[in-house]
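Colleague: I have a structure here, written as structure tokens, and I will follow up with some questions on it.
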Amino acid sequence: MKRLLALTAAAFLALPLTPATASPAGTPGAPSAGDPYFPGQGNGGYDTRHYDLTLDYDPASGRLTGRAAISAQATQALSRFNLDLADTLTVRSVTVDGRPASFAQSGSELVVTPARTLHDRRGFSVVVRYDGTPAHVLDPDGSMDGWIRTADGVYNANEPQGAITWYPGNHHMTDKATYRFTVTVPADRVAVANGDLVRRTSKGGRTTYGWNAREPMASYLATVSIGTFDLTDRRVGRYRVTTAVDPQARGDATGFAERHPPVLDYFSELFGRYPYSSTGGIVDHAPEVGYALETQTRPLYPRVPSESLLAHELAHQWFGDSVTPTLWRDIWLNEGFATYAEWLWADKLGTRTVQAAFDEAYARPADDEFWQTPTADPGGPENLFHDPVYDRGAMTLHALRGATGDDAFFAILRAWAREHRYGNADTAAFIALAERVSGKDLGALFDAWLFKPGKPAQ
Ligand SMILES: [Zn+2]
């Protein structure tokens, strides 16, 4: 059901001045990016380039006031386009290129009709003012996603669909953009986002934090997490490490910042240079959430991470964050790689060899349900984060390593990270790259490990 079209008074005044004949006819942008796992996600007709989000949040009432300024480029002549935003938030006004635009909210679609048709391949800017009390969503697998309230603020993890709960955007991972966050919270709270801390100013009992995420980011990797955090921001080794730790986790978090450079140095050797201008992590106290997320530059943890979880989320900065799949079905390109990186880090630490990790995972009996899910097609959004995606994905990489040898295998991983840096790529592109770099026909190996149900032979 659609809500009534909301036209501002200013839009009424502007409309007669901009007859349709002033611009070539456009057509509406698609209301979806066409991902079968989440058909409502994303939109067509434009590419976003930059989000400038100005947010004001009151943790006591849960009230959010937001202004999203989005720079985009049309990919067709556009008479109308959609943004994704949950209707728990109320849009107050929309302008396109400074002119009031008409808009309507329907479910998680915000339909914007600019006063003038937007020309193909031209840049345009959208400003959305909105407010409300954000509510997290429940994913098909039952987990909380999005703006998740905690005792002292917000645990903001957005994979796969939570971004709609707090800002309007083109919320499919194929449309990456840079971000600037300006977030105002009570002075006894901290607001942590992605990228570099560029501002911290206080006035009248409120503090404003500015964060600059300079490298392109998929919206499921954005975060604005809020709490009574201890915030540190300093150079450790070759990295700018910014950490935020909930006081309840303080005791276990000794040396948390210092734990990052050794992992990042090792992964840089194996995968190529670290793709971002800063790193670090957000350690919240959120036992009710129960999962960590590789939020770009700065993973989010519900407690102080173990060494393997730290390695997992930092490996995602290359695999998942910098190189992002094109469809959710290809999620093994994130999780299989990050799990394999856990194995590599444990091997480096001398805790367990990669081969022992493989053997342990492979030891599942052939009739175990585990083997019925092909790695590259988990079957539906409810299975996105199930074991086969992680463990069978990692085993796939180890099988590839066995077939190509170490030199070619790590050359493949580095080429994958380099050739698709800040972009998107799918399973077919990975197979093509592996065959090109190794010079081998790997069809049978990938067929058995990625596409067919059943336990692959070793
Ligand atoms: Zn992961």
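Colleague: Quickly run through segment 422-445 and pick out the residues that are among the basic types (Lys, Arg) and in contact with a Phe, Trp or Tyr (Cβ under 9 Å, 6 or more places away or on another chain).
Modeller: Here is the first cut: in segment 422-445, the residues among the basic types (Lys, Arg) are 436, 440.
The answer is none; no residue qualifies.
Colleague: Of everything in segment 146-177, what is of a type in the set (Ser, Thr, Tyr) and touching a Pro at 6+ places or on another chain (Cβ under 6 Å)? Give them in sequence order.
Modeller: Initially, segment 146-177 is screened for residues of a type in the set (Ser, Thr, Tyr), giving 150, 155, 165, 167, 174.
165 - this is the single residue of segment 146-177 that is of a type in the set (Ser, Thr, Tyr) and touching a Pro at 6+ places or on another chain (Cβ under 6 Å).
Colleague: Let me ask another. Of all residues being within 12 Å of the chain's Cα centre (by Cα) and either more than 25 Å from residue 136 (Cβ to Cβ) or open to solvent by 20 Å² or more (accessible area, probe 1.4 Å) (or both) in segment 317-330, which is nearest to the ligand (Cβ to nearest atom)? Just the residue, please.
Modeller: Of all residues in segment 317-330, those within 12 Å of the chain's Cα centre (by Cα) come to 317, 319-325, 328.
When the remaining residues are screened for being either more than 25 Å from residue 136 (Cβ to Cβ) or open to solvent by 20 Å² or more (accessible area, probe 1.4 Å) (or both), the result is 319, 322-323.
Details: 319: 9, 322: 14, 323: 14 Å.
Filtering first and then ranking leaves 319.
Colleague: From the list 314, 310, 300, pick out the single residue that is within 15 Å of the ligand (Cβ to nearest atom), under 12 Å from the mean Cα position of the chain (by Cα) and farther than 13 Å from residue 218 by Cα. Walk me through it before giving the result.
Modeller: On the way: 314 fails: under 12 Å from the mean Cα position of the chain (by Cα); 310 fails: under 12 Å from the mean Cα position of the chain (by Cα).
None of the other options fit; the residue is 300.
Colleague: Collect the residues in segment 25-68 that are open to solvent by less than 20 Å² (accessible area, probe 1.4 Å), out of contact with any Lys or Arg (no Cβ under 9 Å at 6 or more places or on another chain) and of a type in the set (A, V, I, L, M, F, W, C), keeping them in residue-number order.
Modeller: If the condition is that a residue be open to solvent by less than 20 Å² (accessible area, probe 1.4 Å), out of contact with any Lys or Arg (no Cβ under 9 Å at 6 or more places or on another chain) and of a type in the set (A, V, I, L, M, F, W, C), then 38, 64 are the ones that fit.
Colleague: Which condition breaks for residue 379 when tested against (1) surrounded by 17 or more Cβ atoms within 10 Å (Cβ to Cβ); (2) under 24 Å from residue 159 (Cα atoms)?
Modeller: That leaves (1) as the condition not met.
Colleague: Still on this structure, I have one more. Scanning segment 331-368 for residues that are over 30 Å from residue 140 (Cβ atoms) and among the charged types (D, E, K, R), which turns out farthest from the ligand (Cβ to nearest atom)?
Modeller: 359
Colleague: Can you tell me how many residues in segment 296-316 are surrounded by 24 or more Cβ atoms within 10 Å (Cβ to Cβ) and in contact with a Gly (Cβ under 9 Å, 6 or more places away or on another chain)?
Modeller: Residues meeting the conditions: 8.
Colleague: Considering segment 377-434 alone, what residues qualify as being of a type in the set (Phe, Trp, Tyr) and at positive phi? Even if it seems obvious, please write down each step before you answer.
Modeller: Step one: filter segment 377-434 for residues of a type in the set (Phe, Trp, Tyr), giving 385, 390, 409-410, 416, 422, 430.
Within segment 377-434, just 422 meets the criteria.
Colleague: Residues being open to solvent by 10 Å² or more (accessible area, probe 1.4 Å) and not aliphatic (A, V, I, L, M): count how many of those fall in segment 331-348.
Modeller: 5
Colleague: Then there's this: List every residue pair whose Cβ atoms lie under 7 Å apart, where the two residues are 6 or more positions apart in sequence or sit on different chains, the first residue falls within segment 242-260 and is touching a residue at least 40 places away in the same chain (Cβ under 8 Å) and farther than 20 Å from residue 296 by Cα, and the second residue, located anywhere, is in a loop (DSSP other than H, G, I, E, B) and open to solvent by 10 Å² or more (accessible area, probe 1.4 Å).
Modeller: Qualifying pairs under 7 Å: 249/285; 249/303; 249/304; 252/304; 253/304.
Colleague: Report whether or not residue 138 is touching a strand residue (DSSP E or B) at 6+ places or on another chain (Cβ under 9 Å), at pLDDT 95 or above, over 30 Å from residue 230 (Cβ atoms) and buried (at least 20 other Cβ atoms within 10 Å of the Cβ). Break it down into steps so the answer makes sense when it comes.
Modeller: Working: touching a strand residue (DSSP E or B) at 6+ places or on another chain (Cβ under 9 Å): yes; at pLDDT 95 or above: yes; over 30 Å from residue 230 (Cβ atoms): yes; buried (at least 20 other Cβ atoms within 10 Å of the Cβ): no.
No; evaluated as a whole, the condition is false for this residue.
Colleague: If I filter segment 362-382 for residues that are free of Cβ contacts under 8 Å to residues at least 40 places away in the same chain, among the aliphatic types (A, V, I, L, M) and within 26 Å of residue 259 (Cβ to Cβ), do I get at least one hit?
Modeller: No, because not a single residue in segment 362-382 is free of Cβ contacts under 8 Å to residues at least 40 places away in the same chain, among the aliphatic types (A, V, I, L, M) and within 26 Å of residue 259 (Cβ to Cβ).
Colleague: Could I ask something else about it? Would you mind finding the one in 223, 207 that is open to solvent by less than 10 Å² (accessible area, probe 1.4 Å), touching a Leu at 6+ places or on another chain (Cβ under 7 Å) and under 20 Å from residue 166 (Cα atoms)?
Modeller: Details: 207 fails: touching a Leu at 6+ places or on another chain (Cβ under 7 Å).
So the residue among 223, 207 that is open to solvent by less than 10 Å² (accessible area, probe 1.4 Å), touching a Leu at 6+ places or on another chain (Cβ under 7 Å) and under 20 Å from residue 166 (Cα atoms) is 223.
Colleague: Sticking with this structure for a sec: Residues being farther than 20 Å from residue 32 by Cα and among the hydroxyl-bearing types (Ser, Thr, Tyr): count how many of those fall in segment 103-116.
Modeller: 0
Colleague: Of the residues in segment 188-204, how many are buried (at least 21 other Cβ atoms within 10 Å of the Cβ) and part of a strand (DSSP E or B)?
Modeller: Of the residues in segment 188-204, 4 are buried (at least 21 other Cβ atoms within 10 Å of the Cβ) and part of a strand (DSSP E or B).
Colleague: A further question on this structure: Can you confirm whether residue 286 is open to solvent by less than 20 Å² (accessible area, probe 1.4 Å), more than 16 Å from the ligand (Cβ to nearest atom), in contact (Cβ under 8 Å) with a residue 12 or more places away in the chain and farther than 24 Å from residue 212 by Cα? Can you show your working first?
Modeller: Numbers: open to solvent by less than 20 Å² (accessible area, probe 1.4 Å): yes; more than 16 Å from the ligand (Cβ to nearest atom): yes; in contact (Cβ under 8 Å) with a residue 12 or more places away in the chain: yes; farther than 24 Å from residue 212 by Cα: yes.
When the stated conditions are applied, residue 286 passes them.
Colleague: Name the residues in segment 362-376 that are closer than 14 Å to residue 457 by Cα and open to solvent by less than 10 Å² (accessible area, probe 1.4 Å), would you?
Modeller: 371
Okay, residues lined up against (1) free of Cβ contacts under 8 Å to residues at least 40 places away in the same chain; (2) in contact with a helix residue (DSSP H, G or I) (Cβ under 6 Å, 6 or more places away or on another chain); (3) assigned to a helix (DSSP H, G or I):
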residue: 399; (1), (2), (3): no, yes, yes
residue: 421; (1), (2), (3): no, no, no
residue: 428; (1), (2), (3): yes, no, yes
residue: 434; (1), (2), (3): yes, yes, yes
residue: 437; (1), (2), (3): yes, yes, yes
residue: 444; (1), (2), (3): yes, no, yes
residue: 457; (1), (2), (3): yes, no, no
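Colleague: Please give the number of the condition residue 395 fails out of (1) away from the ligand (no atom under 16 Å from the Cβ); (2) over 29 Å from residue 175 (Cβ atoms); (3) not charged (D, E, K, R).
Modeller: With respect to (1) away from the ligand (no atom under 16 Å from the Cβ); (2) over 29 Å from residue 175 (Cβ atoms); (3) not charged (D, E, K, R), residue 395 is out only on (1).
Colleague: Ok, one more. Can we say residue 375 is under 27 Å from residue 438 (Cα atoms), at pLDDT 95 or above, part of a loop (DSSP other than H, G, I, E, B) and within 16 Å of the ligand (Cβ to nearest atom)?
Modeller: yes
The values are calculated or read from the model by the stated rules, or taken from the named source; none is laboratory data. Being a predicted model, the structure only gives us computed values, none of them experimental. Virtual Cβ from ideal backbone geometry, glycine too; neighbours counted across all protein chains shown. The accessibility values were calculated without ligands, DNA or RNA, using every heavy atom of the protein model including side chains. Shrake-Rupley method; radii C 1.70, N 1.55, O 1.52, S 1.80 Å.
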